[in-house]
């Protein structure tokens, strides 16, 4: 017998006979506390999350997902769903609940002729890049190879190629989804179009995606990419210059700003390591010579303390920031959308960047616009098409004793930048405590999302997420 939390927070006992029957029809592996692999499997990227599911179902295929959803519904279980990646909020785990784990489903099948890829939900961005770049193809995803493709996509997805080709969801052609009723449906613009609209930015609220189909584009395999590092003392001039530079940049060029203490990068003098810096990180998605011309003024600006720019394999550039995002650290994020970087906002950024709570914390400003803004805000669930920049306050530290101080810093910074924000939010950057922001995050699209929730998950089985509650 196993005691598992119910959907409404109570507890139910699953008799051994019922558990055996479930396992007999399940092709994957089930784990419970005390099993040899349980402790390793239950770990999550963010060390602040220390939840212990009562039962973990490690699915091998869509049939396993259907079987697990039916089991959960029949027993009214509290369900969490985990793909492959970071899940900053920690909603993919829950104490005492039933975890449907997709991390073993990692296949990536590329159709070179059609320039499409079919991807399972346990794949990481690294898995996708490795498979697609073998054919010189890619789809816009994020900036860290260990990110899970499922969560990234369901929340919207943006990175180095988004100004060229749009968000990840703008390149989603179809998806196979297991609904709360245990039905496996294929959704696209032509089939279950409301559901397809909702999963493109609406998170995991409407079902469990067992396969994504993406449009691919000719990319690389080598592109101009790299870093320019400035001392924080030049930060005001650097950000003012960046504001003007970004406004004139072609869609092929994406430049992000990272404000942090300098990591021990080999192209930086040792005296720079650990000092406060402003970093321009960039990629040009096109001809390398044209890229050199596009970034000429950025390279000529000021007196950088280090630069490392040149032709890079696209898949390698996608891994460049992996060492800064290894698992096992404690993480807390806050995020805003901005239409511009005002003088006031720049001043606030510099003030808080000068008082980082740890050597591993950073403030990054993602450049949006380009193709991301040429899709209507009501074309998909993702509403933040008017954002020129997305700010992520990425607080990261090692010891639990520093939790209160680090979290307080991030919240204070978030509040200080709120007056200049344009509303909305990128749900993939939202923490578990920000459920009150969900309606605001979706703005005018929220009402339609509730209607889709009513249709596909009226009893809110899929609630451990940035939850869109059904109207009932």
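The values are calculated or read from the model by the stated rules, or taken from the named source; none is laboratory data. Remember, predicted model here, so these are calculated numbers, not experimental data. Every residue, glycine as well, gets a Cβ built from its backbone with ideal geometry; the counts of neighbours run over all protein chains shown.
Taking (1) within 29 Å of residue 15 (Cα to Cα); (2) touching a residue at least 60 places away in the same chain (Cβ under 8 Å); (3) touching a strand residue (DSSP E or B) at 6+ places or on another chain (Cβ under 7 Å); (4) in a loop (DSSP other than H, G, I, E, B) in turn, residue 95 satisfies each apart from (3).
Against the condition touching a helix residue (DSSP H, G or I) at 6+ places or on another chain (Cβ under 8 Å), closer than 27 Å to residue 258 by Cα, touching a residue at least 24 places away in the same chain (Cβ under 8 Å) and not assigned by TED's automatic domain parsing to the domain that holds residue 53, how does residue 155 come out, does it pass? Don't jump to the end; show me each part of the working.
Values: touching a helix residue (DSSP H, G or I) at 6+ places or on another chain (Cβ under 8 Å): yes; closer than 27 Å to residue 258 by Cα: yes; touching a residue at least 24 places away in the same chain (Cβ under 8 Å): yes; not assigned by TED's automatic domain parsing to the domain that holds residue 53: yes.
Yes: the conditions hold for residue 155.
Within region 458-468, the only residue that satisfies the criterion of being surrounded by fewer than 22 Cβ atoms within 10 Å (Cβ to Cβ) and within 17 Å of residue 201 (Cβ to Cβ) is 467. Quick one: in region 22-40, of everything that is buried (at least 18 other Cβ atoms within 10 Å of the Cβ) and touching a residue at least 40 places away in the same chain (Cβ under 8 Å), which residue is nearest to residue 102 (Cα to Cα)? Residue satisfying both the conditions and the ranking: 28.
Restricting to region 420-439, and then to whatever is part of a helix (DSSP H, G or I) and in contact with a helix residue (DSSP H, G or I) (Cβ under 8 Å, 6 or more places away or on another chain), can you tell me which residue is surrounded by the fewest Cβ atoms within 10 Å (Cβ to Cβ)? Spell out how you get there, then give the answer.
First pass over region 420-439, keeping only residues part of a helix (DSSP H, G or I): 420, 427-429, 432-439.
Then keep just the ones that are in contact with a helix residue (DSSP H, G or I) (Cβ under 8 Å, 6 or more places away or on another chain); that gives 420, 427-428, 438-439.
Values: 420: 18, 427: 27, 428: 26, 438: 20, 439: 15.
Checking each candidate, the answer is 439.
Picking from 241, 280, which residue would you name as being touching a residue at least 24 places away in the same chain (Cβ under 8 Å) and either closer than 19 Å to residue 142 by Cβ or in contact with a helix residue (DSSP H, G or I) (Cβ under 6 Å, 6 or more places away or on another chain) (or both)?
Details: 241 fails: either closer than 19 Å to residue 142 by Cβ or in contact with a helix residue (DSSP H, G or I) (Cβ under 6 Å, 6 or more places away or on another chain) (or both).
Going through 241, 280 in turn, the sole match is 280.
May I ask you to verify whether residue 346 is over 18 Å from the mean Cα position of the chain (by Cα), assigned to a helix (DSSP H, G or I), crowded, with 16+ Cβ neighbours inside 10 Å and in contact (Cβ under 8 Å) with a residue 40 or more places away in the chain? Judged against the criteria, residue 346 is a match. The set of residues in region 388-409 that are crowded, with 21+ Cβ neighbours inside 10 Å and under 17 Å from the mean Cα position of the chain (by Cα) comprises 389, 390, 391, 393, 394, 395, 396.
Identify, please: which residue in region 163-193 is touching a strand residue (DSSP E or B) at 6+ places or on another chain (Cβ under 7 Å) and in a helix (DSSP H, G or I) and is, among those, surrounded by the fewest Cβ atoms within 10 Å (Cβ to Cβ)? Talk me through it step by step, then tell me what you get.
To start, the set of residues in region 163-193 that are touching a strand residue (DSSP E or B) at 6+ places or on another chain (Cβ under 7 Å) comprises 163, 165, 171-179, 184-188, 192.
Filter once more, so that each one left must be in a helix (DSSP H, G or I): 163, 165, 171.
On the way: 163: 25, 165: 21, 171: 25.
Here the residue is 165.
Table: residues versus (1) within 22 Å of residue 322 (Cα to Cα); (2) assigned to a loop (DSSP other than H, G, I, E, B); (3) free of Cβ contacts under 8 Å to residues at least 60 places away in the same chain.
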{"position": "106", "(1), (2), (3)": "yes, yes, yes"}
{"position": "114", "(1), (2), (3)": "no, yes, yes"}
{"position": "146", "(1), (2), (3)": "yes, yes, no"}
{"position": "151", "(1), (2), (3)": "yes, no, no"}
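Please find, within region 118-144, the residue that is farthest from residue 466 (Cα to Cα) out of those that are out of contact with any strand residue (DSSP E or B) (no Cβ under 7 Å at 6 or more places or on another chain) and outside any loop (DSSP other than H, G, I, E, B). Of everything passing the filter in region 118-144, 133 is farthest from residue 466 (Cα to Cα).
State all residues of region 75-90 that are buried (at least 20 other Cβ atoms within 10 Å of the Cβ) and part of a loop (DSSP other than H, G, I, E, B); if no residue qualifies, say none. Please lay out each step first, then the result.
Step one: list which residues in region 75-90 are buried (at least 20 other Cβ atoms within 10 Å of the Cβ), which gives 77-90.
Across region 75-90, the qualifying residues are 78, 83, 84, 85, 86, 87, 88, 89, 90.
Within region 153-195, the set of residues being under 17 Å from residue 456 (Cα atoms) and within 19 Å of the chain's Cα centre (by Cα) comprises 154, 175. Of everything listed in (1) closer than 18 Å to residue 461 by Cβ; (2) at pLDDT 95 or above; (3) not in a helix (DSSP H, G or I), the single unmet condition for residue 64 is (3). Restricting attention to region 283-319, the residues that are closer than 15 Å to residue 143 by Cβ and free of Cβ contacts under 8 Å to residues at least 60 places away in the same chain add up to 1.
Report yes if residue 72 is assigned to a helix (DSSP H, G or I), in contact (Cβ under 8 Å) with a residue 60 or more places away in the chain and surrounded by 14 or more Cβ atoms within 10 Å (Cβ to Cβ), otherwise no. Yes; evaluated as a whole, the condition is true for this residue. In this structure, residue 452 does satisfy being surrounded by 15 or more Cβ atoms within 10 Å (Cβ to Cβ) and assigned by TED's automatic domain parsing to the domain that holds residue 143.
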